[in-house]
1. Amide H neighbours of His57 under 5 Å, counting only residues 5+ apart in sequence or on other chains, H built in-plane at 1.01 Å?
2. Rolling a 1.4 angstrom probe over the protein chains, ignoring ligands and nucleic acids, what is the accessible area of Arg132 in square angstrom, nearest 10?
3. At R0 = 51 Å, how high is the FRET efficiency between Ile202 and Gln89 if r is their beta carbon distance? Nearest 0.05 is fine.
4. Taking 0.36 nm per residue of separation and subtracting the Cα-Cα distance, what length does fully extending His55 through Ile185 add?
5. Just to verify a number: what accessible area does Lys282 come out at with the full protein assembly present, 1.4 Å probe, Å² rounded to tens?
6. Calculate one ³J(HN,Hα) per residue across segment 105-110 by plugging θ = phi - 60° into the Karplus curve 6.51 cos²θ - 1.76 cosθ + 1.60, and present them in order as whole Hz with x for glycine and proline.
Amino acid sequence: MTTTGNHTGVSQFLLLGLSDDPDLQPLLFGVFLSMNLVAVLGNLLIILAVNSDPHLHTPMYFFLANLSFVDICFISTIVPRMLVNIQTQSKGISYIGCLTQVYFFLIFTVMDSFLLTVMAYDRFVAICHPLRYMVIMNPRFCGLLVLMCWLIIFWVPLIHILLLRRLNFCTILKVACSDILINNIFLFVATALLGVFALIGILFYSRIVSSLMRISSAAGKYKAFSTCGSHLSVVSLFYGTGVGIYLTSAVTHPPQRSSIASVMYAVLTPMLNPFIYSLRNKDVKGALGRLLGLGTTCLHSGDFQH
């Protein structure tokens, strides 16, 4: 801390951590290191499988590879720093380091939501407009969708961080001791706009489920559900656990409990996504088998619109 006049310049923040018990630190380190490795390896295998297998060069898997890349970045924003702090028994993080971590955390969190919305639109077109699928979801349009998401995501968190930079901080629980009205207004507007984008994705999935329920034959209904079952599972995991953590933090008083829930959400979601997509998808399992040299034959069942 450095003092200038009547103000104190913040040089670092102290992180609460998950536990102060020194006996638990090796266990926490091992658990989160293992989860981080599984998440990174699983998502990396999805990216390599999509890029290496011509059968997966379709819009759906293009978006899936982007989602896996974002999940790798998402978990790498949080866990490595936490592992360093556990190993060094240090809870400090520099002021610039804290803002940088918040910036990238916001980028990849919201990008996850955006990609899920884009994937919802892709499945909506595939299920509800199959004859026009290749015309609508052409490679140029898919690339523009992802590029548009990245452009929006880079700017919204940046404005938030620049507004945080103007605040003075105090050594109390509510660390900002400046007027935060502008910050709150921006957060409200940004959250509303981003929430609308997420709501659009949920509406797409509602239309998809409604269309699937109108299919008369059991075989056709099963085939259609298998097309988007993984997407529905990931969306439920992402938004369901997010809402659960928000409600839990609102009703629980110990901050450590909400911290544990938030960290587990940041780790579990990117770790489970590769398993959800690979275990329920014959095309991905076949591509992974060939990538790993297991001699697995691709069961290209034609369940997905290409």
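1. For His57, whose amide H was placed from the backbone, there are no distant partners under 5 Å.
2. Arg132 exposes around 140 Å² with every protein chain in place.
3. Here the calculated transfer efficiency is 0.75.
4. Values: separation 130, 0.36 × 130 = 46.80 nm, distance 4.69 nm.
Gain on extension, His55 to Ile185, equals 42.1 nm.
5. Rounded to the nearest 10, the figure is 110 Å².
6. These are the phi-based 3J(HN,Hα) values: 4, 5, 4, 6, 5, 6 Hz.
The values are calculated or read from the model by the stated rules, or taken from the named source; none is laboratory data. Please read these numbers as outputs of a predicted model, since none were measured by experiment. Positions of Cβ are generated from backbone atoms using ideal geometry, with glycine treated the same way; all protein chains shown enter the neighbour counts. Protein only, heavy atoms only, side chains kept; ligands, DNA and RNA dropped before computing areas. Shrake-Rupley method; radii C 1.70, N 1.55, O 1.52, S 1.80 Å.
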